[in-house]
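Novice: The structure's right below; bear with me while I get my questions together.
The values are calculated or read from the model by the stated rules, or taken from the named source; none is laboratory data. What you are looking at is a predicted structure, and each value in this text was computed from that prediction instead of being measured. Backbone-built Cβ (ideal geometry, glycine too); neighbour counts: all protein chains shown.
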Amino acid sequence: MKIKLTKGELKRQRDALRQYQRYLPTLQLKKQQLQIEILRQITLKETRQAEEALKTKSALSWAGLLTDGIDISGWVNPKKVFTAARNIAGVDIPVFEKAEFEYPEYDLFTAPLWVDAAIDALKAITQLREELKTIDKGVVILRQELRVTTQRVNLFEKVKIPEAEEAIRQIKIYIGDQMANAVGRSKAAKKKMERAVLEEVAA
């Protein structure tokens, strides 16, 4: 990196260093918050997966009844999925709220007794699956933001701050040498003048 060895450049590098050092803790905090939230989302996903597996296993015990002449698929597939947004360290992730289903309409007198329970059970499984999809989307967003933030932290820690510190060191050495040379030249000039005065007096 080519730098100007001037007092103006020294000030610019010092200002840049202060800015990097002030901004770095914010980036490090953001990185930490993102890592914590990713772990939280993964834990939530594991919990919901366990719930979904349990409900699916329970449903398998009566799933054979679904072939009993009534199609309930239209009432257990979501019509609309509602999500909200949650801000984590400056990035929005989706949060599952609910899935909306068509209202089941069937003849209560001719439909089998298990239909209501089956619809409710399958809706609960569908809700969990939709929540799992939303969690996955959020984790993708968080991981992408973490990757970018980690790159910035590394850029500041390993490149920008060391570069500014090295530039400051080089400029200070150069300016120090220049000042020492100027003092040396000033002393030499003073001695030369003194010698000239003495020679003039002695003449």
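Novice: Consider residue 45 against the criteria (1) modelled with pLDDT under 95; (2) not in a strand (DSSP E or B): it satisfies all of them except one. Which criterion is unmet?
Specialist: Only one criterion in (1) modelled with pLDDT under 95; (2) not in a strand (DSSP E or B) is unmet by residue 45, namely (1).
Novice: Could you look through region 84-124, keep only residues that are touching a strand residue (DSSP E or B) at 6+ places or on another chain (Cβ under 9 Å) and assigned to a helix (DSSP H, G or I), and pick out the one that is modelled with the highest pLDDT?
Specialist: So the residue we want is 123.
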